[in-house]
Structures are given as C-alpha cells and as structure tokens.
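One structure is given below, encoded as structure tokens.
Nothing in this text is a laboratory measurement; each read-out follows from the coordinates by a stated rule. All figures in this text were calculated on a predicted structure; none of them were measured in a lab. Note: ideal-geometry Cβ built from the backbone for every residue, glycine included; neighbour counts use all protein chains shown.
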Amino acid sequence: MFGPTPGTHLIFATLLAVALVFDFLNGFHDAANVVATMIASRALSPRAALLLAAGANLVGPLLFGLAVANTVGKEVVDPSGVTITVVLAALLAASSWNLVTWWWGIPSSSSHALAGGLVGGAAAFGGWSIIRVAGLTKVALALFVSPLLGFVVAWLVLRFILGAARGATPRINKHFNRLQLLSATALALSHGTNDAQKTMGIITMGLVTLGYQATFHVPLWVVLASATAIGLGTAAGGWRIIRTLGGKFYRIRPIHSLTSQTAAAAVILSASLLGGPVSTTHVVSSAIVGAGASERMSQVRWMNLADIGVAWLITVPITALLGAAAYLMLRPLIGA
C-alpha cells in the first residue's frame with residue numbers, strides 16, 4: 001500500500017521547517033524589491049510600505065496558478081532521482097547564500113540560489129544524468145532574459161509617461177505617488193506569485209519523495225504555508241538591501257518608482273504565468289536602472305551595478321558547490 005515509510009515524519013518535518021525558513025528569508029531578502037523605490041520617493045512610510053508588500057505577497061500565490069511550482073518541482077531534475085537529502089541540501093545552500101548576500105547588502109537572487117543548490121545536490125547524488133536539460137534551460141532563460149526585459153520595459157514605460165506628462169507642473173508627483181499604491185501592489189502580488197511557488201515546488205517534491213503523495217500536485221496547505229512564510233519575511237524587511245536599491249543608483253523620484261514597479265510587475269507576472277522562475281531582485285534592479293537611463297544616461301551610477309552583476313554571475317555556480325557540499329555532509333546523517 002502506498003504511503004510514507006516508518007520514521008519519515010521527522011524527516012519531512014525537518015524539510016518543511018527548513019523550506020519555510022528559506023521562504024521567510026526569501027521574503028526578508030527580497031522585501032527591498034517591492035518597497036525600496038516607494039520609500040525613496042516618499043510615497044509611503046517604511047512601515048506602511050512593508051505592510052502593503054507583505055499583504056500582497058501573501059495573496060499573490062493564491063491568485064495566479066502554480067506553474068512555477070511545477071517547473072521547480074519536476075522539470076529541473078528527475079523526481080525519481082531526487083532524495084530528501086538532495087532537497088534539504090538545496091535549501092541549506094540557498095538559505096546560506098541569501099544570508100551572506102543580505103549581510104553585505106548585495107541584491108542577489110533567491111531563485112538563482114535555489115536552482116544552483118538543487119542542481120548541485122542532485123548532481124552529487126546521482127550525477128548529471130538526473131538533471132533535465134530542457135527544464136534547466138527553461139529556468140536559465142527565465143533567469144537571464146528577465147532582467148534585460150525589465151530594463152527595456154522600464155525604458156519604454158518612462159518614455160511613454162514623459163510624453164504623456166509633457167508640460168505638467170511638479171504637482172503631478174502627487175498623482176505618481178498615488179499610482180504607486182497600485183504599481184507596488186501589482187509588484188508585490190507578482191513577487192509572491194513567483195517566489196513563494198519555488199518553495200511550494202520543493203515541499204511538494206519532498207511529499208512525493210517520502211511517499212506522502214503518489215504524484216506531483218501542490219496541496220492547498222502547502223500553498224497557504226508558503227504564502228504566509230514569504231509574507232512574514234517581507235514584513236520583517238531586509239533594510240541593508242532596501243538602502244542599496246533605494247538610492248545607490250541615482251536619486252529616485254516618484255516617476256522612477258512608478259515606472260520601475262510597473263515594468264518589473266509586468267515582467268515577473270508574465271514569467272509566472274508561463275512557469276518561468278525569475279529573479280525578482282534582478283528584474284527590479286534592472287527596471288530601476290532602465291527608468292533612470294531612459295530619462296538621462298548620465299544620472300545612473302553605473303559602477304554601483306558591479307556588485308549586482310557579480311552576484312548575478314556567481315550565484316548559481318557557488319550555490320551548486322554549496323548544494324553538493326551540503327549533500328555530502330547530510331548523507332552520513334540521514335542517508336542518501
């Protein structure tokens with residue numbers, strides 16, 4: 001009869017705890033994505049901005065389907081070749097990297113980190129044969145193309161707004177600030193939709209691996225638990241990264257905040273509906289830069305992109321190594 005083997009309940013409880021901690025850290029780490037420009041442009045106070053983002057992050061995963069969870073859970077690695085040790089190793093690798101980059105105030109990608117950790121742990125367990133090239137290619141395209149789209153869309157949106165507002169007085173900034181309530185909510189909804197689903201995919205992978213489910217489908221309680229964890233993490237807020245995104249590129253005004261939020265939300269939500277796990281950090285960062293560059297190239301402090309660019313390039317290989325190392329450390333404790 002199908003069902004979990006004796007002794008697996010403690011292992012699954014450990015996996016669930018680690019997964020939800022990762023989800024919390026994801027929200028904590030990525031809170032800056034939603035609120036940094038809104039705080040910098042003085043549209044809302046920091047506390048109000050974080051509460052708005054947390055609420056929308058909580059609701060987002062309940063509205064827009066589970067395509068990303070399916071991609072992460074069954075398209076990157078062969079589910080039959082994944083063990084609970086691999087899943088735990090991936091989560092530990094991604095969580096460790098999130099903490100390191102948060103400490104240094106570097107806007108890195110939780111998506112990159114989780115993908116790298118999963119690939120590294122799976123490869124350490126069963127070799128590269130259990131990595132699904134088509135799924136990994138889909139993830140890679142989503143992760144690397146989305147920041148470019150964020151830049152381009154923000155560039156175009158700002159040009160449109162400047163044209164539409166030609167001749168307006170500075171009082172129009174009040175309207176931009178009001179509109180940010182909508183654009184920030186849309187961005188937070190898209191962030192919750194995309195990022196919380198990655199954890200849903202990992203937890204469901206554990207349910208299948210340990211025998212709690214015969215097939216891969218995301219239960220409602222997993223959706224609710226993941227959405228709650230990322231919402232609480234966002235409410236806590238990662239102030240080091242908020243300061244990086246909120247002012248190190250250029251002096252953000254209401255038009256830049258509205259533009260970058262709108263562009264990032266459009267790119268992230270589109271990717272979520274197509275099942276592409278994207279880096280919300282890098283999409284938002286590139287949208288902020290695209291909005292500033294569209295107005296005037298010289299106002300952007302391009303050298304401040306260096307840390308983000310380096311993190312973009314090294315996160316996957318480093319977390320893959322961390323995932324493999326974590327797997328080799330965990331294997332003697334809980335088996336292969």
Tail beyond 19 Å, pair distance distribution of segment 264-319 (Cα, percent): 41 percent
Count, lysine Cα pairs under 28 Å in the chain, 8 or more residues apart or across chains: 4
Quick one: among ALA48, ALA56, ALA264, which has the greatest mean-square fluctuation in a GNM of the chain with alpha-carbon springs under 10 angstrom? ALA48
Just from its helices, what would the mean residue ellipticity at 222 nm be for the chain, if runs of 4 or more DSSP H residues each count -39500 (n - 2.57) and the sum is divided by every residue, rounded to the nearest 500 deg cm²/dmol? -26500 deg cm²/dmol
Taking only the C-alpha atoms, wrap a convex hull around the chain and report its volume per residue in Å³ as a whole number. 111 Å³
Final fewest-first order of LYS138, LYS198 on the 10 Å Cβ neighbour count is LYS138, LYS198
Could you pull out every residue, at least 5 positions away or on a different chain, whose amide H is within less than 5 Å of the one on VAL77? Hs are placed 1.01 Å off N in the peptide plane, and Pro or chain starts have none. ARG132
Debye sum, Cα scatterers, segment 123-239, no solvent: what log₁₀ I/I(0) at q = 0.13, 0.14 1/Å? -0.81, -0.89
Using alpha carbon centers only, segment 113-137 is separated from segment 217-232 by a whole-angstrom value of 24 Å
Within a 10 angstrom radius of the beta carbon, how do MET303, MET329, MET200 rank from fewest other beta carbons to most? MET303, MET329, MET200
Residues ASP78, ASP195, sorted so that the one with the fewest Cβ neighbours within 10 Å comes first: ASP78, ASP195
So which residue, out of VAL300, VAL87, VAL34, gets the largest mean-square fluctuation from a GNM of the chain using Cα contacts under 10 Å as springs? VAL300
Using a Gaussian network model of the chain whose springs link C-alpha atoms within less than 10 Å, name the residue from PHE24, PHE176, PHE151 with the highest mean-square fluctuation. PHE176
